[in-house]
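Shown next, in structure tokens, is the structure this report addresses.
Read the figures in this text as sums done on the coordinates, not as results from a lab. This is a predicted model, so every value here is computed, not measured. Methodologically, a virtual Cβ is constructed for each residue, glycine included, from the backbone with ideal geometry; neighbour enumeration extends over all protein chains shown.
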Amino acid sequence: MLSDQFDAQVKAALFQDEYKDLFLDRTEIDGSILEQFEEVMTFINGHNTKRSVIVGTKREDSLAYPVVAVREAILNALVHRDYSMNGTILVSMYPDKMTISSPGGLNESYDLEDLKTGISSTRNPGLANILYRLGYIEAYGTGIPRMMRQYLNRGEPTFKISNAVFFVTLPSLLSEVDELEALLRAKEFITRSDLEGIGYPRASALRELNLLEEEGVVEKVGGGRSTRYRVL
């Protein structure tokens, strides 16, 4: 597994949309597990979009996918993969999400809730021990809880598990930003309800509108329930 002649593979692709009709970029990665990890992270980081988002009452730059969450998802796929099965680790990037699928499901003694709380067993303890000693992973069972913490109050990763595959979906933290930009391009006036309709919580929608007003993107018109914001 740590040899350059290791015959397992990781495939990664960036798609234009969820239908997978058009590849915008793709790669097939061979080599040792360490090489596969480094190369797939390089591919993902190259397409991990950065945008301006609201954090508290300020606007800050944010990546579509938290680096820590991506790192843990990829390491989980490599460490817990069933290498006796035919198949490939697949990383698929879409405008609103990233999915990682890995051959092999859970040990029948465990379920998803166990993983979320850090209770797990590895299919490849020797590999996990080596990666632990090399500093790639921390204490066993901490990867998925760490992944979940990166998404606190901002959606969360989802998991689908069968006997044959472990499937993780990481939502883009920028999907609301993209929808807001489309909304501003399409409408002369917007309201708080418009922002709530594309996923903004009520309080966040009001903060976003206030910041847009401060930045000169919109102008407040009216008051009370009839408040609207003219797109400038």
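Between exposed GluC sites (Glu not before Pro) in the chain, where DSSP calls loop and at most 15 other Cβ atoms lie within 10 Å, what's the longest gap? The reported range is 19-107. Taking chymotrypsin sites (Phe, Trp or Tyr not before Pro) as exposed when their DSSP state is a loop state and no more than 14 other Cβ atoms lie within 10 Å, the longest site-free interval of the chain runs over 111-232.
Using only Cα atoms, find the angle between the long axis of helix 175-186 and the longest principal axis of the chain, and express it within 0 to 90 degrees, rounded to the nearest 10. The answer is roughly 30 degrees. Given (i) 15.4; (ii) 14.5; (iii) 17.2, which label gives mean projected area of the Cα convex hull in nm² as computed from the coordinates? Read-out taken from this structure: (ii). Spatially close Lys pairs in the chain, defined by Cα atoms under 18 Å apart and a spacing of eight or more places or different chains, total 8. Legend: calculated FRET efficiency, E181 to D30, from the Cβ-Cβ distance at R0 = 35 Å, rounded to 0.05, equals 0.35.
Placing dummy labels 7 Å off each Cα toward the beta-carbon, the span from R149 to R51 is 2.7 nm.
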